[in-house]
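Throughout, read-outs are computed from the coordinates displayed, never taken from laboratory work. Small disclaimer: the values here were computed from a predicted structure and weren't measured. All Cβ positions, even for glycine, are placed from backbone atoms using ideal geometry, and neighbour counts span all protein chains on display.
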Amino acid sequence: MSAAYTVRVAEDPADLEACFALRKEVFVGEQGVPEDIEYDAYDAVAVHVLAITGDGVPLGTGRLLHGERAAEKTGGDLTLGSLGRLAVAQRSRGLGVGVALVRAIEDAARARGLAAVDLHAQTHALGFYERLGYEPYGAEYEEAGIPHQGMRRAL
């Protein structure tokens, strides 16, 4: 597969469908997350980003919650964005797609005037996020049967 791809905000129905299909592939299919908890009410208000090849093959996705929706997940702080549901198709790993998605989500957060981005990292991915400037905080916890760690990066 060619490493040529772009990352864009998913605004049309086909892009959103691709985002949800990628999440199902990675979280439900690979990781065994129950489908009924993978999709939530936040999906309707989140900023979704999509990495896609020039010929339309979706490679990865992620979302940003901001405003009141993010505050619900970050303890009430309206200056924080919440990065979540970052998923890269197995066939696309190692191409820099995850980094590009995180940076696009951070750009979307900056564009909305947010001061920092918070996330709930699966513990196996801590090194990935640390390399991108995220710092762990709090105790490890379980979410959807998977160990997680809170992390944050100032923008």
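Of all residue pairs spaced 6 or more apart or on separate chains, those with beta-carbon atoms under 9 Å, a first member in segment 140-155 that is free of Cβ contacts under 8 Å to residues at least 12 places away in the same chain and a second member that is outside any loop (DSSP other than H, G, I, E, B) are Tyr141/His120; Tyr141/Pro147; Tyr141/His148; Tyr141/Gln149; Tyr141/Gly150; Glu142/His148. With respect to the conditions (1) in a helix (DSSP H, G or I); (2) closer than 21 Å to Ala104 by Cα; (3) touching a residue at least 24 places away in the same chain (Cβ under 8 Å), Ile37 falls short on a single one, namely (2).
Among the residues making up segment 1-54, a single one is in contact with a Lys or Arg (Cβ under 9 Å, 6 or more places away or on another chain) and of a type in the set (Lys, Arg): Arg23.
When the criteria are applied in full, Gly127 meets the requirement of being without any contact (Cβ under 8 Å) to a residue 12 or more places away in the chain and either of a type in the set (S, T, N, Q) or not in a strand (DSSP E or B) (or both).
Do we find that Ala14 is surrounded by 14 or more Cβ atoms within 10 Å (Cβ to Cβ) and part of a helix (DSSP H, G or I) in this structure? Here the answer is no, as Ala14 does not meet what is asked.
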